[in-house]
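The values are calculated or read from the model by the stated rules, or taken from the named source; none is laboratory data. Bear in mind the structure is a predicted one, so any value in this text is a computation, not a measurement. Methodologically, a virtual Cβ is constructed for each residue, glycine included, from the backbone with ideal geometry; neighbour enumeration extends over all protein chains shown. These accessible areas exclude ligands, DNA and RNA; they are computed on the full protein's heavy atoms, side chains included. Shrake-Rupley method; radii C 1.70, N 1.55, O 1.52, S 1.80 Å.
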Amino acid sequence: MAILLTTGRLVLREFTPDDAPLLTELDGDPAVMRYLTGGRPTPAGEIRDRVLPAMLAAYRRPPGLGWWAAERRADGDFLGWFEFRPLRDGDPREVELGYRLRRAAWGAGYATEGARALVEHGFTALGVERVVATTMAVNTGSRRVMAKAGLAYRRTFHQDWPEAIPGSEHGEVEYALTRAEWAARRPATDTDPSSGARRVPGL
């Protein structure tokens, strides 16, 4: 199990095949899945046979990008996951930022802390040129995290989903941040004090 990053309160590590029960519990909470499936849980078999294998296959294509399990440093408790992976397979220049946390972890700033750390890591160590994040327009909580991580609203768009869920009629929003924008507002220091992130040797 490889660790990608640690922050002041988080450890971001690779998933393993043994993490299927944790993902099943996460996706089993209707509140967590509200803006994804309308609250419908992801079946355990789908987690085991499709979702987790896709996560594991994403690592090292290229290195440092994929889905990362988020654990609390203080006690190792599983909080959820962060996504930081190429929009086009194998091309690290444009990556998608995402996050899904357990309800018990909401409101404590973990999503912002992890997102900021990944943005910092992407621009300083992975050759990322643009970070993109999307969510439902009505998902104000997720939009706040995107803004706090430094991303700015770009557009509202509509997709033809197989199953409409409440709020989908308002569309999706895209937030983004380019390397040039990030560099222009970054303090003249080696680390971002807001995230407290540090690089783990060997990754």
Taking every DSSP beta bridge with both residues inside the chain, roughly what % is antiparallel (nearest 5)? 90 percent
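R0 = 30 Å: FRET efficiency of Arg154 with Glu46, Cβ-based, nearest 0.05?
On the way: r = 31 Å, r/R0 = 1.05.
Using R0 = 30 Å, I get an efficiency of 0.45.
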In Å, descending, principal axis extents of the Cα set of region 43-118: 33, 32, 18
How much of the accessible area of the chain, probe 1.4 Å, is carbon plus sulfur, in whole percent? 52 percent
Please sort through the DSSP H helices of the chain and keep those with an alpha-carbon extent of at least 18 Å along the long axis and a Kyte-Doolittle average not below -0.5. 110-125
Under a 1.4 angstrom probe, counting protein chains only, how are His121, His170 ranked by accessible area, largest first? His170, His121
Taking the Cα atoms of the chain, what is the range of coordinates along each of the three principal axes, in descending order and whole Å? 46, 38, 33
On a 1.4 Å probe surface of the protein chains, which of Ile47, Ile3 comes out largest in accessible area, and what is the full order? Ile3, Ile47
When ligands, DNA and RNA are left out and all protein chains stay put, how many square angstrom of accessible area per residue does the chain have with a 1.4 Å probe? 50 Å²
Please compute the modelled spin-label separation between Asp29 and Thr16, points set 7 Å along Cα→Cβ, answer in nm with one decimal. 2.3 nm
Ala2 to Thr37: extension gain in nm, 0.36 nm per residue of separation minus the Cα-Cα distance? 9.6 nm
How compact is region 4-66 by the rule of thumb for globular proteins, expressed as Cα Rg over 2.2 N^0.38 Å? 1.24
